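The block underneath contains the structure these notes are about, expressed in structure tokens.
The values are calculated or read from the model by the stated rules, or taken from the named source; none is laboratory data. What you see is a predicted model, and the numbers here were worked out from it, not measured in a lab. Reconstructed Cβ throughout: ideal geometry from the backbone, glycine too, with neighbour counts over all protein chains shown. We work out accessible area using only protein heavy atoms, side chains counted, and drop any ligands, DNA or RNA first. Shrake-Rupley method; radii C 1.70, N 1.55, O 1.52, S 1.80 Å.
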Amino acid sequence: MPKVIVTVMPKPSVLDPQGVATAKLMKQSGLAGVGRVRVGKSIEIEFESTPDAAKLEGVARDLLSNPVIEDFRIETLP
Amino acid sequence: MKVGVVRFPGSNCDQDCVVALSQFPGMSAEILWHKEDTVAGFDAIILPGGFSYGDYLRCGVSARFSPVMGAVKDFAAAGGPVLGVCNGFQILCESGLLPGALVRNRDLRFICEHTHLRVERTDTPFTRAASSGQILRIPIAHGEGCYFADNDTLRDLREHGQVLLRYSDERGYLSQETNPNGSRDNIAGICNRERNVFGLMPHPERACDPLLGSTDGRVIFQSLLS
Amino acid sequence: MTPEVTPEIVAKHGLSPEEYARIESILGRAPNFTELGVFSVMWSEHCSYKNSRPELRKFPTEGTRVLVKAGEENAGVIDIGDGWAVAFKIESHNHPSAVEPFQGAATGVGGIIRDIFTMGARPVFSMNSLRFGDIRGEEGAANRRLFAGVVAGIAHYGNCIGIPTIGGEVYFDDSYAGNPLVNAFCLGILRHEQIARGAATGVGNPVFYVGAETGRDGLAGAAFASRDLTEESKEDRPAVQVGDPFREKLLLEACLELLASGCVAGIQDMGAAGLTCSTCETASRGGTGVEIDTEKVPKRETGMTPYEILLSESQERMLVIVKKGQEGQVKEIFEKWDLPYSEVGVVNDDGLMRVKEGGRVVVEIPARALADEAPVYVREAAPKPPPHPSDSKKLLADIPEPDAAGIHSALETLLKFPSIASKRWVWRQYDHMVRLGAAVLPGSDAAVFIVREANKILAATTDCNALYCRQDPREGARIAVAEAARNLACSGAVPLAVTDNLNFGNPYRPENFLQLREAVEGLAEACRQLGVPVTGGNVSLYNESPSGAIDPTPTVGMVGLIEDAAHITTQAFQNPGDVIFLLGSPGSEIGASHYLLAVHERKAGAPPALDFSREMAVHEALRTLIRKGMVRSAHDCSEGGLAVALAESCLAGPAPLGATISLLPDTTERTDVMLFNESQSRVIISVPEDHADKVSELLSECGIPWTRLGTVTDQPSLNIRLRKDAEYSWNTEHLQHLWNNTIEEIMEG
């Protein structure tokens, strides 16, 4: 069963309050050297057969991510 | 009785708690700034509702780093009464003072409405002025108020009588329809095993004035006072 | 490095050749690229009102309670007695919400809240007026997405910052498909002596920047709001700002603490046109100059040019002019609230807005010319078209009078028509209870809020029937004001003042400009008649989607005062046995009604005619009865007429009550006209049985028509008898299900 992971991240120029807050928390936890942090989401999809790459890309762009503020990345696991 | 209401950055029910508590003769309430590292001089502590530190990452998680929470933990360990409302309940769970976690509501939307609650136990400093099985009409307002705990924890809570409030209908019956957010076991509020730390999602401070439609929240503060 | 200013670049900035010539004459030279950007945003419609200003001058702005007039500051301020005042305003965020509904609506809420606390007021509640395309059916999918996104965005921002969203309105009509309207209202409370000014006064005073770091958010959003929405603007997407309500909460608390400290000479939020607008406006108001250095501005991104920094619309930022010598105390407050800040400049006396990048001057423009001397245009208005027919008989000529089954289903159709159906699905997502003020839950005629710190009770409403405005913008606008005042009267309040949000299409089209002019004149006349000043608001033009202009929507936000908690009244019937009265005449005008729209799918006919003296007499009569403690419920007749108003009064309580109504034995009107006409100046009240005779007597003394309609019952049934041969009965439990759940069922599928 092929598995696909779609990672959705805020675009680099978009304000990410969650990322800023998370960076601060990690620094407070004593982790040194924390720079910029971005928080996105990871969506794991199990397929019964190999998905249509173009359709998958379309769904990732228009449904799983919001193209106005987010980028996405598709990773197919064997 | 002097109650400290903690103000985290992003708290927004702190002033409401002060207003509601001030109606009770014999009770005074003061704001406690989150950068304070002591709660000396207070007889009870309230962690109010709101979005502490913006509630980014997870609700209630950031408060664990605030100086005042160290003092609140010591206060609770020494048996002092600590009440967490809404975001305060989330903070109590995230900082380990109460078991379980609060996750997104079943229908994924924020819900603000009146609910009916059945009082399950009256042997605590927060419910002793109520009668067992009493129905309280108190509003909720949250996006992440679905109480979750694993089966062992739930069994533990029940065995030790730690479930203090459950979402019910106006006659006290429990069902999925009376459960606004999908909480396990219709749980609206729990206490710790020592019974001095109480967290609930509904807002008793919003049900203390007849002009707002209910005064059923008073029983919680009355209990604290008696 | 900066591009050269060519005619193409000028056109791309939305400036006409004449406007460019004017810029050259103001500067005495050609502008550089950065200066051109600064002019383009300040002279956009959104900032300068260049196409609407001559119209806006028609509004009455004076009144004994007016402390800060329309246009003087970010929001008007009105005295409410005992040294207390309210600051309130409504503002649109239509275009950003069309592109990204969640963030567009959220930042709209954030922007209006900043406008209020910039005045020195503590924001105490919000409302919003929303319009979307039809959400029903398969074709409604895009509109549902916009509706869900906007509501979630408003909830996100308002709930987090802890300002209750307690009311407003939502309408659905295909004229808004692809161009939703998101008009956000906020009201704040302050002491008279706390009014803060957005003026840069005191030469030598330092200028501080406080709040979120500047990024490339919403670059030139003000210019963006002043263009038609086209297919390309979807690609044109850097113009999306992301809101951070937590940051704004800190900024709000810090600013109020700062203003209370007495260290502040002037304060201005950075909204549309960001740093540009706040610097030149404060200088212009102060009659001074302001110099800032972009290198000192806190930034979120690297490599930003002065052009980008000046035009950025990053949210949650303020410009504060600090009294010299008190910088230390100011810094302490910013640090307490963990807010980034920087001293970015100084007030001087040369009247210029000067921007440096390090040592190099990049902008030097006379501040007053930039802020206040934008070109003003009187656009061409199309000739007035002939009025639509108002005769109900003609309008219904090809519609047979419905039989009993037809009447039965017509009321059901109206109650589940999304614009009329209960908006519970919407307001359940808003925290409307925080701050312990919501004495009336959302959904009644007006929101009622207890302001505890001032010991005052306020009522507020937003209203506009855009179908009326489409058919007759002048009459529709007059009715919007009258209905708002009527809603306040129904809740027990006396109106104080008005804020308006004028939503129209592209003003370069003469038929659109005619609508704007007619509506403004209608609003102005109605406000004069009712004695309520306009304290400010917002103009949103270019509301067009590929299918054409929106229906003209001049939204009226009105605020009133309730003298005594005992006067608070809601629309819900309270008690079986209470007697129901109609204040006003039974009416017969069916033009532009929701009956024609929802049941017969027609936008047809003239809106009902409004008679101000009748309208005011009805309000006075109602207030008299309320003051005497005789009224248990009051609800105005609006969309759907008498039948819908009666049904809503039955359904609005926690458990439905019934009513038995007997209308007019000797009328010759059609049954559908009697039940669903939308004649104005009508209110349904219920009163305790033992007061009924006294109420009849008092109403007769008031000199208004009235009818004793029937009684409230504990049966789950609404029974209406019009004539011997026309009796109808509806099960109220069924009606309540339709009314309450329709929107939820559409949205949750």
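Count of region C:534-564 residues, restricted to those that are open to solvent by 10 Å² or more (accessible area, probe 1.4 Å), within 21 Å of C:Ala446 (Cα to Cα) and at pLDDT 95 or above, is 3. Of all residues in region B:199-226, those that are free of Cβ contacts under 8 Å to residues at least 24 places away in the same chain have Cβ atoms under 9 Å from Cβ atoms of residues that are outside any strand (DSSP E or B) and among the basic types (Lys, Arg), 6 or more apart or on another chain, in B:Leu212/B:Arg206. Just wondering, is there one or more residues in region C:585-599 that are at pLDDT below 95 and in contact with a His (Cβ under 9 Å, 6 or more places away or on another chain)? No, every residue in region C:585-599 fails to be at pLDDT below 95 and in contact with a His (Cβ under 9 Å, 6 or more places away or on another chain). Taking region C:78-89 as the range and being in contact with a Lys or Arg (Cβ under 9 Å, 6 or more places away or on another chain) and either within 20 Å of C:Gly198 (Cα to Cα) or of a type in the set (A, V, I, L, M, F, W, C) (or both) as the test, the residues that pass are C:Ile78, C:Asp79, C:Ile80, C:Trp84, C:Ala85, C:Val86. Among the residues of region C:352-377, those identified as surrounded by fewer than 22 Cβ atoms within 10 Å (Cβ to Cβ), under 35 Å from the mean Cα position of the chain (by Cα) and not in a strand (DSSP E or B) are C:Arg368, C:Ala369, C:Asp372, C:Glu373, C:Ala374, C:Pro375, C:Val376, C:Tyr377.
Within region B:39-57, being open to solvent by 30 Å² or more (accessible area, probe 1.4 Å) and away from chain C (no Cβ under 14 Å) holds for B:Ala40, B:Gly41, B:Asp43. Scanning region C:712-736 for residues that are within 27 Å of C:Glu483 (Cβ to Cβ) and modelled with pLDDT of 95 or more returns C:Val712, C:Leu718, C:Ile720, C:Tyr728, C:Trp730, C:Thr732, C:Leu735, C:Gln736.
Take A:Val59 and decide whether it is more than 10 Å from every other protein chain (Cβ to nearest Cβ), of a type outside the set (Ser, Thr, Tyr) and surrounded by 12 or more Cβ atoms within 10 Å (Cβ to Cβ). Spelling it out, A:Val59 is indeed more than 10 Å from every other protein chain (Cβ to nearest Cβ), of a type outside the set (Ser, Thr, Tyr) and surrounded by 12 or more Cβ atoms within 10 Å (Cβ to Cβ). Does B:Pro48 satisfy being touching a Cys at 6+ places or on another chain (Cβ under 8 Å) and not polar (S, T, N, Q)? Judged against the criteria, B:Pro48 is a match.
Tell me whether region B:25-38 contains one or more residues that are within 15 Å of the chain's Cα centre (by Cα), away from chain C (no Cβ under 12 Å) and among the small types (Gly, Ala, Ser). No, region B:25-38 contains no residue that is within 15 Å of the chain's Cα centre (by Cα), away from chain C (no Cβ under 12 Å) and among the small types (Gly, Ala, Ser). Among the candidates B:Leu98, B:Leu136, the residue that is crowded, with 23+ Cβ neighbours inside 10 Å and either of a type in the set (Gly, Ala, Ser) or more than 13 Å from the chain's Cα centre (by Cα) (or both) is uniquely B:Leu136.
Each residue in region B:107-141 was checked for being part of a strand (DSSP E or B), out of contact with any Leu (no Cβ under 8 Å at 6 or more places or on another chain) and either closer than 14 Å to C:His432 by Cα or away from chain C (no Cβ under 14 Å) (or both), and 7 pass. The set of residues from region C:680-698 being open to solvent by less than 10 Å² (accessible area, probe 1.4 Å) and within 35 Å of the chain's Cα centre (by Cα) comprises C:Ser681, C:Arg682, C:Val683, C:Ile684, C:Ile685, C:Ser686, C:Val687.
Of C:Thr61, C:Thr107, C:Thr34, C:Thr118, all but one fail to be among the polar types (S, T, N, Q) and closer than 24 Å to C:Ser545 by Cβ; the exception is C:Thr107.
In the set (1) part of a helix (DSSP H, G or I); (2) closer than 21 Å to C:Glu308 by Cα; (3) in contact (Cβ under 8 Å) with a residue 24 or more places away in the chain; (4) not hydrophobic (A, V, I, L, M, F, W, C), the condition left unmet by C:Tyr20 is number (3).
For region B:164-198, residues that are farther than 25 Å from B:Gly50 by Cβ and either touching a residue at least 24 places away in the same chain (Cβ under 8 Å) or touching a Leu at 6+ places or on another chain (Cβ under 8 Å) (or both) total 11. Residues that are open to solvent by less than 10 Å² (accessible area, probe 1.4 Å), in contact with a Gly (Cβ under 7 Å, 6 or more places away or on another chain) and modelled with pLDDT of 95 or more: does region C:324-337 have at least one? No - not one qualifying residue is present in region C:324-337. In region A:1-38, what residues are more than 14 Å from chain B (Cβ to nearest Cβ) and under 18 Å from the mean Cα position of the chain (by Cα)? Within region A:1-38, A:Lys3, A:Val4, A:Ile5, A:Val6, A:Thr7, A:Val8, A:Met9, A:Lys11, A:Pro12, A:Ser13, A:Val14, A:Arg36 meet the criteria. Considering each residue of region C:225-239 in turn, none proves to be modelled with pLDDT of 95 or more, touching a helix residue (DSSP H, G or I) at 6+ places or on another chain (Cβ under 7 Å) and surrounded by fewer than 24 Cβ atoms within 10 Å (Cβ to Cβ).
Just give me the residues in region C:263-312 being open to solvent by less than 10 Å² (accessible area, probe 1.4 Å) and either assigned to a loop (DSSP other than H, G, I, E, B) or hydroxyl-bearing (Ser, Thr, Tyr) (or both), in sequence order. Matches in region C:263-312: C:Cys263, C:Met270, C:Ala273, C:Thr276, C:Ser278, C:Thr279, C:Thr282, C:Ser284, C:Thr294, C:Val297, C:Ser312. Checking A:Glu70, A:Glu48 one by one, the residue that is surrounded by fewer than 16 Cβ atoms within 10 Å (Cβ to Cβ) and either touching a Gly at 6+ places or on another chain (Cβ under 9 Å) or away from every other protein chain (no Cβ under 14 Å) (or both) is A:Glu48 and no other. When residues in region C:595-638 are screened for being surrounded by 21 or more Cβ atoms within 10 Å (Cβ to Cβ) and within 14 Å of C:Gln680 (Cα to Cα), 10 of them pass. Looking only at region B:1-24, how many residues end up being open to solvent by 50 Å² or more (accessible area, probe 1.4 Å), away from chain C (no Cβ under 12 Å) and within 16 Å of the chain's Cα centre (by Cα)? Qualifying residue count for the region: 0.
Here C:Ala141, C:Ala196, C:Ala184 are screened, and the one residue that is away from chain B (no Cβ under 13 Å) and assigned to a loop (DSSP other than H, G, I, E, B) is C:Ala196. Applying the selection to region C:178-199, what residues are under 27 Å from C:Ser545 (Cβ atoms), modelled with pLDDT of 95 or more and either surrounded by fewer than 24 Cβ atoms within 10 Å (Cβ to Cβ) or aromatic (Phe, Trp, Tyr) (or both)? Across region C:178-199, the qualifying residue is only C:Phe185.
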